[in-house]
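To keep things clear, I will list the structure first and then write my remarks on it.
The values are calculated or read from the model by the stated rules, or taken from the named source; none is laboratory data. Just so we're clear, the structure is a prediction, and the values are computed from it rather than from any experiment. Here the Cβ positions follow ideal geometry from the backbone for every residue, glycine too, while neighbour counts run over all protein chains shown. The area values use the complete protein model at the heavy-atom level, side chains included, leaving out ligands, DNA and RNA. Shrake-Rupley method; radii C 1.70, N 1.55, O 1.52, S 1.80 Å.
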Amino acid sequence: MNFDFTQKMMVWNHTENNRSMPWKGEKDPYKIWLSEIILQQTRVEQGLAYYNKFIETFPTVKKLANAPEEKVFKLWEGLGYYSRCKNLIASAKIIDSVYKGRFPDTYENILALKGIGPYTAAAIASFAFNLPYAVVDGNVLRVLSRYFGISTPIDSTTGKKLYNQLADSLLDKENPGVYNQAIMDFGAVVCKPQNPLCGACPQKQECRAFQQAWVNDLPVKEKVLKKKTRYMYYFAISVNGKTFVKKREAKDIWQNLHEFVLHEHDEPIDWTKKNLKEAVKSFIDKPFQLQEISTIVKQQLTHQLIIGQIIKITVQTPIDIPGYDLLPDKEIKKLAFPKFINTLMQQEAVLF
DNA sequence: AACACGGGGGA
DNA sequence: TCCCCAGTGTT
(Lines give C-alpha, C1' and ligand atoms only; values in the text may rest on other atoms or scores of the structure.)
Protein backbone atom coordinates (compact mmCIF):
# COMPACT_ATOMS: atom_id res chain seq x y z
CA MET A 1 0.00 0.00 0.00
CA ASN A 2 1.24 3.47 -0.85
CA PHE A 3 0.79 4.60 2.70
CA ASP A 4 1.21 8.25 1.98
CA PHE A 5 -1.47 8.45 -0.72
CA THR A 6 -3.97 6.33 1.14
CA GLN A 7 -3.45 7.94 4.51
CA LYS A 8 -3.75 11.42 3.09
CA MET A 9 -6.93 10.42 1.31
CA MET A 10 -8.40 9.21 4.57
CA VAL A 11 -7.30 12.35 6.38
CA TRP A 12 -8.85 14.53 3.68
CA ASN A 13 -12.04 12.51 3.97
CA HIS A 14 -12.10 12.94 7.72
CA THR A 15 -11.26 16.62 7.86
CA GLU A 16 -12.45 18.24 4.63
CA ASN A 17 -14.91 16.01 2.82
CA ASN A 18 -18.36 17.43 3.34
CA ARG A 19 -20.01 15.87 0.31
CA SER A 20 -23.43 14.62 1.25
CA MET A 21 -25.67 12.21 -0.65
CA PRO A 22 -28.70 10.24 0.51
CA TRP A 23 -27.06 6.86 -0.05
CA LYS A 24 -23.77 7.79 1.62
CA GLY A 25 -23.24 5.70 4.72
CA GLU A 26 -26.22 3.60 3.70
CA LYS A 27 -25.90 -0.03 4.76
CA ASP A 28 -28.92 -1.51 3.02
CA PRO A 29 -27.38 -3.29 0.01
CA TYR A 30 -30.60 -2.83 -1.94
CA LYS A 31 -30.39 0.96 -1.66
CA ILE A 32 -26.67 0.94 -2.40
CA TRP A 33 -27.25 -1.23 -5.44
CA LEU A 34 -30.03 1.01 -6.72
CA SER A 35 -27.94 4.14 -6.30
CA GLU A 36 -24.98 2.56 -8.09
CA ILE A 37 -27.03 1.42 -11.07
CA ILE A 38 -28.63 4.83 -11.41
CA LEU A 39 -25.27 6.56 -11.18
CA GLN A 40 -23.54 4.53 -13.88
CA GLN A 41 -22.37 7.12 -16.41
CA THR A 42 -24.74 9.56 -14.76
CA ARG A 43 -24.12 12.68 -12.73
CA VAL A 44 -25.20 12.64 -9.10
CA GLU A 45 -27.38 15.72 -9.66
CA GLN A 46 -29.17 14.01 -12.50
CA GLY A 47 -29.66 10.69 -10.72
CA LEU A 48 -30.76 12.05 -7.36
CA ALA A 49 -34.43 12.60 -8.17
CA TYR A 50 -34.64 9.16 -9.77
CA TYR A 51 -33.12 7.52 -6.70
CA ASN A 52 -35.66 9.19 -4.44
CA LYS A 53 -38.55 8.23 -6.72
CA PHE A 54 -37.41 4.60 -6.84
CA ILE A 55 -36.89 4.27 -3.10
CA GLU A 56 -40.27 5.81 -2.45
CA THR A 57 -42.06 3.62 -4.99
CA PHE A 58 -40.08 0.44 -4.34
CA PRO A 59 -38.77 0.52 -0.77
CA THR A 60 -37.64 -3.11 -0.93
CA VAL A 61 -36.19 -5.39 -3.57
CA LYS A 62 -39.32 -7.49 -3.31
CA LYS A 63 -41.52 -4.56 -4.27
CA LEU A 64 -39.29 -3.89 -7.24
CA ALA A 65 -39.20 -7.53 -8.28
CA ASN A 66 -42.98 -7.81 -8.21
CA ALA A 67 -43.80 -4.51 -9.89
CA PRO A 68 -45.22 -4.41 -13.41
CA GLU A 69 -42.23 -3.88 -15.67
CA GLU A 70 -43.78 -1.01 -17.57
CA LYS A 71 -44.19 0.86 -14.30
CA VAL A 72 -40.48 0.51 -13.61
CA PHE A 73 -39.56 1.71 -17.10
CA LYS A 74 -41.92 4.66 -16.70
CA LEU A 75 -40.03 5.63 -13.57
CA TRP A 76 -36.72 5.30 -15.40
CA GLU A 77 -38.00 7.33 -18.37
CA GLY A 78 -35.61 10.14 -19.30
CA LEU A 79 -32.58 8.79 -17.47
CA GLY A 80 -31.06 7.05 -20.48
CA TYR A 81 -29.12 3.80 -20.90
CA TYR A 82 -32.32 1.83 -20.58
CA SER A 83 -30.62 -1.58 -20.44
CA ARG A 84 -29.79 -0.59 -16.87
CA CYS A 85 -33.50 -0.64 -16.10
CA LYS A 86 -34.03 -3.96 -17.83
CA ASN A 87 -31.11 -5.50 -15.91
CA LEU A 88 -32.28 -3.91 -12.67
CA ILE A 89 -35.61 -5.69 -13.01
CA ALA A 90 -33.96 -8.99 -13.95
CA SER A 91 -31.59 -8.86 -10.98
CA ALA A 92 -34.36 -7.87 -8.58
CA LYS A 93 -36.26 -10.97 -9.60
CA ILE A 94 -33.16 -13.13 -9.04
CA ILE A 95 -32.52 -11.63 -5.61
CA ASP A 96 -36.17 -12.12 -4.70
CA SER A 97 -36.40 -15.71 -5.90
CA VAL A 98 -32.93 -17.28 -5.83
CA TYR A 99 -31.69 -15.37 -2.77
CA LYS A 100 -35.09 -15.18 -1.04
CA GLY A 101 -34.89 -11.39 -0.94
CA ARG A 102 -31.56 -11.35 0.84
CA PHE A 103 -28.92 -9.49 -1.16
CA PRO A 104 -25.90 -11.69 -2.05
CA ASP A 105 -22.96 -10.88 0.20
CA THR A 106 -19.91 -12.08 -1.72
CA TYR A 107 -18.13 -10.21 -4.49
CA GLU A 108 -18.53 -13.10 -6.92
CA ASN A 109 -22.25 -13.49 -6.36
CA ILE A 110 -22.82 -9.75 -6.57
CA LEU A 111 -20.80 -9.57 -9.78
CA ALA A 112 -22.84 -12.37 -11.28
CA LEU A 113 -26.01 -10.27 -11.20
CA LYS A 114 -27.09 -8.60 -14.43
CA GLY A 115 -26.07 -4.99 -14.87
CA ILE A 116 -23.34 -5.31 -12.26
CA GLY A 117 -19.74 -5.14 -13.48
CA PRO A 118 -16.45 -4.85 -11.60
CA TYR A 119 -17.08 -1.28 -10.46
CA THR A 120 -20.58 -1.81 -9.07
CA ALA A 121 -19.66 -5.14 -7.48
CA ALA A 122 -16.73 -3.52 -5.67
CA ALA A 123 -18.91 -0.60 -4.59
CA ILE A 124 -21.65 -2.80 -3.13
CA ALA A 125 -19.19 -5.27 -1.59
CA SER A 126 -17.23 -2.52 0.14
CA PHE A 127 -20.09 -0.19 1.13
CA ALA A 128 -22.56 -2.80 2.31
CA PHE A 129 -20.26 -5.57 3.54
CA ASN A 130 -16.94 -3.80 4.04
CA LEU A 131 -15.20 -6.28 1.75
CA PRO A 132 -11.75 -5.26 0.45
CA TYR A 133 -12.45 -4.51 -3.22
CA ALA A 134 -11.25 -1.26 -4.77
CA VAL A 135 -13.65 0.70 -6.95
CA VAL A 136 -12.34 1.95 -10.28
CA ASP A 137 -14.65 4.50 -11.84
CA GLY A 138 -14.07 7.69 -13.80
CA ASN A 139 -13.12 9.57 -10.66
CA VAL A 140 -10.57 7.00 -9.56
CA LEU A 141 -9.00 6.77 -13.01
CA ARG A 142 -8.59 10.54 -13.12
CA VAL A 143 -7.12 10.81 -9.62
CA LEU A 144 -4.66 7.98 -10.15
CA SER A 145 -3.56 9.00 -13.63
CA ARG A 146 -2.83 12.50 -12.37
CA TYR A 147 -1.26 11.63 -9.04
CA PHE A 148 1.08 9.04 -10.58
CA GLY A 149 1.46 10.88 -13.89
CA ILE A 150 0.28 7.91 -15.95
CA SER A 151 -0.41 8.57 -19.61
CA THR A 152 -1.42 5.02 -20.51
CA PRO A 153 -4.92 5.40 -22.00
CA ILE A 154 -7.58 4.56 -19.43
CA ASP A 155 -9.69 2.83 -22.09
CA SER A 156 -6.92 0.51 -23.32
CA THR A 157 -6.55 -3.05 -22.16
CA THR A 158 -3.15 -2.44 -20.62
CA GLY A 159 -4.45 0.72 -19.03
CA LYS A 160 -7.38 -1.04 -17.39
CA LYS A 161 -5.12 -3.71 -15.99
CA LEU A 162 -2.63 -1.15 -14.73
CA TYR A 163 -5.22 1.04 -13.03
CA ASN A 164 -7.01 -1.91 -11.48
CA GLN A 165 -3.80 -3.19 -9.92
CA LEU A 166 -2.83 0.25 -8.76
CA ALA A 167 -6.24 0.85 -7.21
CA ASP A 168 -6.05 -2.48 -5.40
CA SER A 169 -2.61 -1.66 -4.01
CA LEU A 170 -3.86 1.67 -2.66
CA LEU A 171 -6.99 0.37 -0.99
CA ASP A 172 -7.25 0.80 2.75
CA LYS A 173 -8.08 -2.80 3.52
CA GLU A 174 -9.18 -1.98 7.04
CA ASN A 175 -11.73 0.55 5.81
CA PRO A 176 -12.48 -0.32 2.18
CA GLY A 177 -15.93 1.25 2.18
CA VAL A 178 -14.81 4.54 3.63
CA TYR A 179 -11.73 4.68 1.43
CA ASN A 180 -13.66 3.93 -1.77
CA GLN A 181 -16.16 6.62 -0.95
CA ALA A 182 -13.37 9.03 -0.14
CA ILE A 183 -11.41 8.66 -3.37
CA MET A 184 -14.56 9.07 -5.47
CA ASP A 185 -15.62 12.13 -3.52
CA PHE A 186 -12.12 13.50 -3.90
CA GLY A 187 -12.26 13.03 -7.65
CA ALA A 188 -15.66 14.67 -7.85
CA VAL A 189 -14.94 17.61 -5.58
CA VAL A 190 -11.18 18.34 -5.80
CA CYS A 191 -9.58 16.45 -8.67
CA LYS A 192 -12.37 17.41 -11.08
CA PRO A 193 -12.19 16.91 -14.86
CA GLN A 194 -12.30 20.66 -15.51
CA ASN A 195 -10.69 23.29 -13.30
CA PRO A 196 -9.49 20.96 -10.56
CA LEU A 197 -8.79 22.61 -7.20
CA CYS A 198 -5.05 21.96 -7.25
CA GLY A 199 -4.38 24.96 -5.04
CA ALA A 200 -6.42 23.43 -2.24
CA CYS A 201 -5.31 19.86 -2.88
CA PRO A 202 -3.64 18.15 0.08
CA GLN A 203 -1.76 15.85 -2.31
CA LYS A 204 -0.38 18.46 -4.68
CA GLN A 205 3.22 18.15 -3.50
CA GLU A 206 3.25 14.46 -4.33
CA CYS A 207 1.07 14.75 -7.44
CA ARG A 208 3.13 14.05 -10.55
CA ALA A 209 0.71 15.86 -12.83
CA PHE A 210 0.81 18.94 -10.64
CA GLN A 211 4.60 18.92 -10.51
CA GLN A 212 4.88 18.56 -14.27
CA ALA A 213 1.86 20.72 -15.18
CA TRP A 214 0.16 17.73 -16.82
CA VAL A 215 -3.08 18.11 -14.94
CA ASN A 216 -5.04 19.27 -17.94
CA ASP A 217 -3.65 16.51 -20.15
CA LEU A 218 -4.56 13.60 -17.92
CA PRO A 219 -6.14 11.15 -18.04
CA VAL A 220 -5.65 10.07 -21.64
CA LYS A 221 -8.35 8.37 -23.70
CA GLU A 222 -7.48 6.73 -26.98
CA LYS A 223 -10.79 5.88 -28.50
CA VAL A 224 -12.67 8.46 -30.50
CA LEU A 225 -16.30 7.71 -31.03
CA LYS A 226 -17.74 8.07 -34.45
CA LYS A 227 -21.05 9.79 -34.81
CA LYS A 228 -23.86 9.39 -37.24
CA THR A 229 -26.98 11.30 -38.03
CA ARG A 230 -30.39 9.68 -38.29
CA TYR A 231 -33.63 11.14 -39.53
CA MET A 232 -36.63 9.76 -37.68
CA TYR A 233 -40.12 10.85 -38.62
CA TYR A 234 -42.91 9.66 -36.39
CA PHE A 235 -46.51 9.30 -37.49
CA ALA A 236 -49.05 9.50 -34.70
CA ILE A 237 -51.86 7.71 -36.49
CA SER A 238 -55.16 7.91 -34.63
CA VAL A 239 -58.44 6.12 -35.14
CA ASN A 240 -61.40 6.95 -32.88
CA GLY A 241 -59.22 8.52 -30.21
CA LYS A 242 -56.75 5.65 -30.17
CA THR A 243 -53.21 5.79 -31.52
CA PHE A 244 -50.79 3.21 -32.89
CA VAL A 245 -47.74 2.49 -30.73
CA LYS A 246 -45.26 -0.30 -30.27
CA LYS A 247 -42.34 -1.25 -28.09
CA ARG A 248 -38.89 -0.95 -29.61
CA GLU A 249 -37.33 -4.40 -29.55
CA ALA A 250 -34.42 -4.14 -31.95
CA LYS A 251 -30.82 -3.95 -30.82
CA ASP A 252 -30.77 -0.24 -31.22
CA ILE A 253 -31.23 2.87 -29.14
CA TRP A 254 -34.24 3.06 -26.85
CA GLN A 255 -34.76 -0.67 -26.58
CA ASN A 256 -37.84 -1.45 -24.44
CA LEU A 257 -39.19 2.06 -24.82
CA HIS A 258 -42.20 2.86 -26.98
CA GLU A 259 -42.69 4.75 -30.21
CA PHE A 260 -45.27 5.70 -32.80
CA VAL A 261 -45.19 4.59 -36.40
CA LEU A 262 -41.65 5.25 -37.54
CA HIS A 263 -40.53 6.38 -40.95
CA GLU A 264 -36.75 6.50 -40.86
CA HIS A 265 -34.74 7.86 -43.73
CA ASP A 266 -31.03 8.31 -44.41
CA GLU A 267 -31.56 11.90 -45.51
CA PRO A 268 -33.68 14.77 -44.25
CA ILE A 269 -37.17 14.91 -45.68
CA ASP A 270 -38.80 18.14 -46.75
CA TRP A 271 -42.43 17.21 -46.36
CA THR A 272 -44.77 17.99 -49.21
CA LYS A 273 -48.33 16.82 -49.68
CA LYS A 274 -47.04 14.39 -52.24
CA ASN A 275 -44.30 12.64 -50.31
CA LEU A 276 -46.39 12.72 -47.16
CA LYS A 277 -49.09 10.81 -48.96
CA GLU A 278 -46.54 8.29 -50.17
CA ALA A 279 -45.05 7.83 -46.73
CA VAL A 280 -48.44 7.20 -45.17
CA LYS A 281 -49.33 4.84 -47.95
CA SER A 282 -46.46 2.61 -46.93
CA PHE A 283 -48.26 2.02 -43.62
CA ILE A 284 -51.95 2.26 -44.51
CA ASP A 285 -53.76 2.15 -47.79
CA LYS A 286 -56.71 4.23 -46.64
CA PRO A 287 -57.67 7.91 -46.84
CA PHE A 288 -56.36 10.04 -43.98
CA GLN A 289 -56.57 13.56 -42.62
CA LEU A 290 -53.45 15.50 -41.74
CA GLN A 291 -53.91 17.09 -38.31
CA GLU A 292 -50.57 18.73 -37.65
CA ILE A 293 -46.86 18.50 -38.29
CA SER A 294 -44.33 19.54 -35.70
CA THR A 295 -41.26 21.72 -35.97
CA ILE A 296 -37.98 19.92 -36.56
CA VAL A 297 -36.44 18.54 -33.37
CA LYS A 298 -32.78 17.65 -32.90
CA GLN A 299 -31.43 15.50 -30.11
CA GLN A 300 -27.75 14.84 -29.58
CA LEU A 301 -26.99 11.44 -28.13
CA THR A 302 -23.51 10.27 -27.27
CA HIS A 303 -22.83 8.92 -30.73
CA GLN A 304 -25.93 9.69 -32.71
CA LEU A 305 -27.64 12.89 -33.73
CA ILE A 306 -31.35 12.32 -34.11
CA ILE A 307 -33.31 14.73 -36.26
CA GLY A 308 -37.01 14.42 -36.94
CA GLN A 309 -40.59 15.54 -36.69
CA ILE A 310 -43.90 14.14 -35.57
CA ILE A 311 -46.84 14.13 -37.94
CA LYS A 312 -50.30 13.61 -36.56
CA ILE A 313 -52.93 12.13 -38.82
CA THR A 314 -56.32 10.58 -38.32
CA VAL A 315 -58.09 7.83 -40.18
CA GLN A 316 -61.83 7.27 -40.18
CA THR A 317 -61.96 3.68 -41.36
CA PRO A 318 -60.93 0.85 -39.04
CA ILE A 319 -57.42 -0.32 -39.88
CA ASP A 320 -54.61 -2.45 -38.60
CA ILE A 321 -50.89 -1.78 -38.81
CA PRO A 322 -48.87 -4.95 -38.32
CA GLY A 323 -46.55 -4.80 -35.33
CA TYR A 324 -48.32 -1.84 -33.75
CA ASP A 325 -50.99 -1.72 -31.04
CA LEU A 326 -53.91 0.68 -31.11
CA LEU A 327 -54.18 2.20 -27.64
CA PRO A 328 -56.17 5.02 -26.00
CA ASP A 329 -54.30 8.05 -24.62
CA LYS A 330 -54.90 6.86 -21.09
CA GLU A 331 -52.87 3.72 -21.74
CA ILE A 332 -50.23 5.51 -23.77
CA LYS A 333 -49.58 7.84 -20.85
CA LYS A 334 -48.39 4.90 -18.78
CA LEU A 335 -45.78 3.88 -21.32
CA ALA A 336 -42.17 5.03 -21.30
CA PHE A 337 -41.01 6.97 -24.35
CA PRO A 338 -37.60 8.27 -25.37
CA LYS A 339 -36.87 11.88 -24.58
CA PHE A 340 -36.86 12.60 -28.31
CA ILE A 341 -40.47 11.52 -28.72
CA ASN A 342 -41.61 13.31 -25.58
CA THR A 343 -39.99 16.45 -26.95
CA LEU A 344 -41.74 15.96 -30.28
CA MET A 345 -45.09 15.70 -28.56
CA GLN A 346 -44.52 18.99 -26.76
CA GLN A 347 -43.84 20.87 -29.98
CA GLU A 348 -46.16 23.51 -31.27
CA ALA A 349 -47.79 22.44 -34.48
CA VAL A 350 -46.77 24.32 -37.57
CA LEU A 351 -49.08 25.03 -40.44
CA PHE A 352 -48.64 22.90 -43.48
C1' DA B 1 -10.62 -5.29 -28.89
C1' DA B 2 -14.18 -2.53 -30.49
C1' DC B 3 -18.50 -0.88 -30.20
C1' DA B 4 -23.25 0.32 -28.62
C1' DC B 5 -25.86 2.41 -25.31
C1' DG B 6 -29.02 8.41 -23.30
C1' DG B 7 -29.32 12.38 -21.42
C1' DG B 8 -27.69 16.53 -19.07
C1' DG B 9 -24.45 20.12 -17.76
C1' DG B 10 -20.23 22.81 -18.01
C1' DA B 11 -16.73 25.22 -20.78
C1' DT C 1 -19.71 21.55 -30.03
C1' DC C 2 -17.12 18.68 -27.25
C1' DC C 3 -16.25 16.24 -23.10
C1' DC C 4 -17.53 13.80 -19.10
C1' DC C 5 -20.38 11.56 -15.87
C1' DA C 6 -20.18 6.26 -9.24
C1' DG C 7 -19.91 1.47 -16.54
C1' DT C 8 -21.88 -2.77 -18.61
C1' DG C 9 -23.06 -5.99 -22.20
C1' DT C 10 -22.49 -7.71 -26.80
C1' DT C 11 -20.05 -9.06 -30.82
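General remarks:
- Phi-based couplings in Hz for the stretch A:187-202 (Karplus 6.51, -1.76, 1.60; Gly and Pro marked x): x, 7, 9, 9, 8, 6, x, 10, 6, x, 8, 4, x, 9, 7, x
- Carbon and sulfur %, accessible surface of the stretch A:228-350 computed with the full protein complex present, 1.4 Å: 49
- R0 of 45 Å, Cβ-Cβ distance A:Thr60-A:Lys286: FRET efficiency to nearest 0.05: 0.35
- Angle in degrees between helix A:29-38 and the longest Cα principal axis of chain A, rounded to the nearest 10: 60
- Largest accessible area first, the listed residues A:Phe5, A:Phe288 line up as A:Phe288, A:Phe5 when surface is computed with a 1.4 Å probe on the assembled protein chains.
- Estimated vicinal HN-Hα couplings, Hz - the stretch A:287-293 in sequence order (Karplus 6.51, -1.76, 1.60; Gly, Pro = x): x, 9, 10, 6, 8, 7, 10
- Charge tally for A:His303 (other residues, Cβ to Cβ under 10 Å; Lys, Arg +1; Asp, Glu -1): +3.
- When +1 charges are put on Lys and Arg Cβ atoms and -1 charges on Asp and Glu Cβ atoms, the dipole computed for the stretch A:74-129 relative to its Cα centre reaches about 200 debye.
- On a per residue basis, the stretch A:223-274 carries 60 Å² of accessible surface, using protein heavy atoms and a 1.4 Å probe.
- Beta bridges per DSSP with both ends in chain A, % antiparallel, nearest 5: 70
- Helix content alone sets the calculated 222 nm mean residue ellipticity of chain A: runs of n ≥ 4 DSSP H residues at -39500 (n - 2.57) each, divided across all residues, give -12000 deg cm²/dmol.
- Computed about its Cα centre, the charge dipole of the stretch A:228-350 is approximately 180 debye, with only Lys, Arg, Asp and Glu carrying charge at their Cβ.
- Å² per residue, accessible surface of the stretch A:3-217 at 1.4 Å: 48
- Estimated inter-spin distance, A:Lys114 and A:Glu222, nm [label 7 Å along Cα→Cβ]: 3.3
- Sulfur and carbon atoms: percent of accessible area, the stretch A:70-194 [1.4 Å]: 55
- In degrees, nearest ten, helix A:83-97 long axis to first principal axis of chain A (Cα): 70
- Prolate/oblate/rounded label for the stretch A:102-240 (Cα gyration tensor, a/c 1.5): oblate
- In this simple spin-label model, placing a label point 7 Å from the Cα along the Cα-to-Cβ direction at both A:Glu267 and A:Glu348 gives a separation of 3.1 nm.
- Size of charge dipole - chain A - debye, nearest 20, with Cβ of Lys, Arg +1 and Asp, Glu -1, no other charges: 360
- Sequence-distant residues sharing a close amide H with A:His258 (under 5 Å, placed H): A:Arg248, A:Ala336, A:Phe337
- Packing here is the average count of other Cβ atoms within 10 Å per residue, and on that basis the peptides A:341-347, A:323-329, highest first, run A:341-347, A:323-329.
- Whether the stretch A:228-350 is rounded, prolate or oblate, judged on the alpha carbon gyration tensor where a/c under 1.5 counts as rounded: oblate
- Nearest 10 degrees, 0 to 90: helix A:44-57 Cα axis against chain A principal axis: 70
- Net charge of the neighbourhood of A:Ala122, taken over other residues with C-beta under 11 Å away and scored Lys/Arg +1, Asp/Glu -1, is -3.
- Count Lys and Arg as plus one, Asp and Glu as minus one, and take only other residues whose Cβ is under 12 Å from that of A:Met9; the net charge is then -4.
- 3J(HN,Hα) along the stretch A:135-140: 7, 10, 10, x, 5, 5 Hz, from the Karplus curve 6.51 cos²θ - 1.76 cosθ + 1.60 with θ = phi - 60°, whole Hz, x for Gly and Pro.
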